[in-house]
Amino acid sequence: METKNRTIVHLDLDTFFVSVERLINSSLIGKPVIIGGMSERGVVAGCSYEARQFGVHSAMPMRMAKQLCGDAVFIRGDGESYSKYSKLVTEIIAESAPVYEKASIDEHYLDITGMDRFFGSLKWSHELRERIIKNTGLPISFGLSTNKTVSKIATGEAKPSGELHIPSERVKPFLFPLSIRKIPMVGKKSFRLLRSMGVSTIRTLSMIPPEMMTQVMGKNGIVIWKKANGIDPTPVVQYSERKSISTERTFEKDTTDVAALKKLLISMVEKIAFELRKKQKLTGCVTVKIRYANFDTHSLQKHLPYTSFDHVLMETALELFERLYTRRMLIRLIGVRFSHLVGGHQQLDLFEDAPEMISLYQAMDSIRLRYGRKAVQRAVGVVSDEL
């Protein structure tokens, strides 16, 4: 059931990757900037508003972007810097917001319901936005409304660097004239299907009988129909750096077989990295834990640029294991955990110069989804049954 009296803010950093690059190099201000993989088969990860005027957009092949806007400044992109600034913005939000959800590297949802009793939510949101701009130098926009969907759409309309408040009585007048493209969840496929039905505005979509939406689009149809009618009961899920995905293994027989332990660690990372990608998440922190035969337990963690690539995470896990296992005593348990999770399926890995690597991961994951997780495994991580 839709709760009418919620107050939800959606904060979104404008052209985030470009804005960070401009902080580092102010000569980029005002110029068309395109960020992504630099190889022939690279993909655009982000671009400035100046580049968008030439028709450039995210996920476009770099080759095409160069044809459309040859005078742009092309940058490979630096996941480390973007992760650092993303965490800085989250820290500022965490200091003020009662409940916040980090939806991706550059966007947050805040539930500030009830704060109107103390001070106006619009004033509070405006002051938070000003604080983020002042402390980070990054442009940011927000939408304020009764639920996540309307707030997110409002942010899109407020950009660049703006604020938009849509109170409950203005939700439908605000949504109805807009294109169905503006609804989160309406991707290319859904858009084409709805257009073939003669639906182009949110108003028309809102008037379709819900049963018909279910027939045409399955259970997603009813969710999209509700969004078109300004209904979205989805809660803001409190972001916690403790939210994590992990696995551990206790051995039947304590061991000091370092080669076998490393193999097991690789296999464990491969397993939970696949889970990460399946949930369309990225991790910003890896922890490795070992427990010795005398039950002494030790762990080490390392922060890294947000990723969900096995090869990056394996390297980090093995490095932590090398630093951790110094006593050469018998080991009883080994574990690995990914925390500081955010949404953003492979968003940052578009800076890779090897699109083949992304294609390889997609191919392996589709085989695993179809035939089970163990259908494809790295040979180096295949563990014998002795451990």
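Tabulated data for the structure shown
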{"item": "Of residues in region 86-112 being in contact (Cβ under 8 Å) with a residue 12 or more places away in the chain and out of contact with any strand residue (DSSP E or B) (no Cβ under 8 Å at 6 or more places or on another chain), the one nearest to T234 (Cα to Cα)", "result": "S96"}
{"item": "Members of region 8-46 that are assigned to a loop (DSSP other than H, G, I, E, B) and either outside the structural domain of R63 (by TED's automatic domain parsing) or surrounded by fewer than 15 Cβ atoms within 10 Å (Cβ to Cβ) (or both)", "result": "N25, I29, G30, K31, M38, E40, R41"}
{"item": "A317 being at pLDDT below 95, closer than 30 Å to M38 by Cβ and of a type outside the set (D, E, K, R)", "result": "no"}
{"item": "Candidate set: region 105-120, residues that are modelled with pLDDT of 90 or more and not aromatic (F, W, Y); chosen: the one surrounded by the fewest Cβ atoms within 10 Å (Cβ to Cβ)", "result": "T113"}
{"item": "Sole residue being crowded, with 18+ Cβ neighbours inside 10 Å, of a type in the set (S, T, Y) and over 24 Å from the mean Cα position of the chain (by Cα), chosen from S151, S125, S206", "result": "S206"}
{"item": "Residues located in region 90-109, provided they are farther than 23 Å from V20 by Cα and assigned to a strand (DSSP E or B)", "result": "V99"}
{"item": "Output for region 59-84, where each listed residue is assigned to a loop (DSSP other than H, G, I, E, B) and crowded, with 16+ Cβ neighbours inside 10 Å", "result": "M60, C69, A72, G77, D78"}
{"item": "Matching entry among I224, I231, I245, I266 (being without any contact (Cβ under 8 Å) to a residue 60 or more places away in the chain, surrounded by 14 or more Cβ atoms within 10 Å (Cβ to Cβ) and on the phi < 0 side of the Ramachandran plot)", "result": "I224"}
{"item": "Selected residue (criterion: nearest to L88 (Cα to Cα)) from residues of region 116-173 that are among the small types (G, A, S) and not in a helix (DSSP H, G or I)", "result": "G137"}
{"item": "Qualifying position, being out of contact with any helix residue (DSSP H, G or I) (no Cβ under 6 Å at 6 or more places or on another chain) and surrounded by 16 or more Cβ atoms within 10 Å (Cβ to Cβ), among V288, V336, V312", "result": "V312"}
{"item": "Test: L194 is of a type outside the set (V, I, T), at pLDDT 95 or above and surrounded by 15 or more Cβ atoms within 10 Å (Cβ to Cβ)", "result": "no"}
{"item": "Filtered residue count, region 304-345, keeping only those that are more than 11 Å from K289 (Cα to Cα) and either assigned to a loop (DSSP other than H, G, I, E, B) or small (G, A, S) (or both)", "result": "13"}
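The values are calculated or read from the model by the stated rules, or taken from the named source; none is laboratory data. Every value quoted in this text rests on a predicted model; they were computed, and no experiment measured them. Backbone-built Cβ (ideal geometry, glycine too); neighbour counts: all protein chains shown.
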